[in-house]
1. Charges on Cβ only, +1 for Lys and Arg, -1 for Asp and Glu, centred on the Cα centroid of the chain; of THR113, GLY26, PHE140, which one is farthest towards the dipole's positive end?
2. Please name whichever of GLY273, LEU295, ALA283 sits farthest to the positive end of the charge dipole of the range 261-322, dipole taken about the Cα centre and charges placed at Cβ: Lys and Arg +1, Asp and Glu -1.
3. Comparing ALA53, ALA269, ALA78, which has the greatest mean-square fluctuation in the GNM of the chain with Cα pairs linked when under 10 Å apart?
4. So for the range 43-137, taking the charge dipole from beta-carbon charges (+1 Lys/Arg, -1 Asp/Glu), which of GLN48, ILE96, SER70 sits furthest toward the positive end?
5. Which helices pass in the chain if a helix is a full DSSP H run, must span at least 15 angstrom along its long axis by Cα, and must have mean Kyte-Doolittle hydropathy not below 0.5?
6. Taking the Cα centre of the chain as origin, sum charge times position over the Cβ atoms of Lys and Arg (+1) and Asp and Glu (-1), and report the length of that vector in debye to the nearest 20.
7. As a test of the formula, what do you get for the chain when each DSSP H run with n ≥ 4 contributes -39,500 (n - 2.57) and the sum is divided by the residue count, at 222 nm and rounded to the nearest 500 deg cm²/dmol?
8. Report the relative contact order of the range 107-181, percent, no decimals, based on alpha-carbon pairs under 8 angstrom and at least 6 residues apart.
Amino acid sequence: MQIYDDILQTLGNTPLVRLGRFYEPGTLVAKIESFNPGSSVKDRIGVQMINAAEKSGELKPGGTIVEPTSGNTGLGLAIVAALRGYKLICTAADKIPQEKVALLEAYGVTVHTCPTDVEADDPRSYYKVAERLRDEEDAFLPYQYYNQANPQAHYESTGPEIWEQTEGKITHWVVGMGTGGTISGSARYLKEQNPNIEVIGIDPVGSVYTYYREHGKLPPEDEIHGYLIDGIGEDFMPTTVWWDYIDRMITISDQEAYDAVGELARKEAIFPGSSGGAAVAGARQIAREAGDDALVVTLLPDSGERSLSKFSRGWLEEKGLA
């Protein structure tokens, strides 16, 4: 019999699916992270960060965890917290879908929503509120934006899986950048196997990553602004980005991302969130550029099912995306 002792044992080994209808030459494939137990790529770092904190003694039995999240990392942490008896408090920007807030609360998480349109160092931001709650609750703050267990999780799992699944034939690795952990850890592993693999980050219009990759500094303030894509992009520079392994960037607009989500759902019966839409939009650009001999691999971080309110006809029309 193959019976798992808990849901965490089902983590990883998510499938690669060829997107031959979305891009007909058939050289574009996607790693579908919604097959993880919490339905997102962030399950990988949730357990890794908690394991590291337990090992270091930063997190004691029965302790409290606080984390700023756009939803998925919070749920990855919530799964581990539920199984190991920790209390979890999450802070989140008010732009995240209400479905994600409800899902966290279903796991027993206390969620504090914070304004989106404030600077990262503003005391009202979900980063700074998390820091305040950490101090008030005497809690452990994994802080996915600075925790090196984040990219390390992908060095140990995502990268090796892709290398094995493609039998080492991958030529391009295209990934949306939120904390930068997914692309950084997996890219390091893949480039250790074959340094000729090209690694491309996907960034929303209004985020800082593309400018930083090209200029080595943050963009002018008037070039940093909000966007509708969830889960990727930033207005500051996390330390979980390992730039040495990222070759270049592609910037994707809200319109391109949401259009790609709808196209992927209709043509491939795969319904990612908006960050996945941005990733496949960018990956298709790379596939067209690279030609039929390339094997372009991208990653769909989660399912659009937990963001349905942001795919309704009324919401899309309101935002000018329909």
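A short reminder: the numbers here are calculations on the coordinates, not readings from a lab. Keep in mind the model is a prediction, meaning the values are calculated, not measured. Reconstructed Cβ throughout: ideal geometry from the backbone, glycine too, with neighbour counts over all protein chains shown.
1. GLY26
2. Toward the positive end, the furthest listed residue is GLY273.
3. Of the options given, ALA269 has the highest mean-square fluctuation.
4. Of the listed residues, the answer is GLN48.
5. On the way: long enough: 43-56 (20 Å, -0.35); 72-84 (18 Å, 1.23); 126-137 (16 Å, -1.64); 181-193 (19 Å, -0.75); 254-268 (20 Å, -1.18); 274-290 (24 Å, 0.04).
What comes out of the filter, once short or polar helices are dropped, is 72-84.
6. With Lys and Arg at +1 and Asp and Glu at -1, about 600 debye.
7. Values: 11 runs with 122 residues, N = 322.
Mean residue ellipticity, 222 nm, calculated: -11500 deg cm²/dmol.
8. Values: 35 pairs, mean separation 13.5, N = 75.
Over the range 107-181, the number comes to 18 percent.
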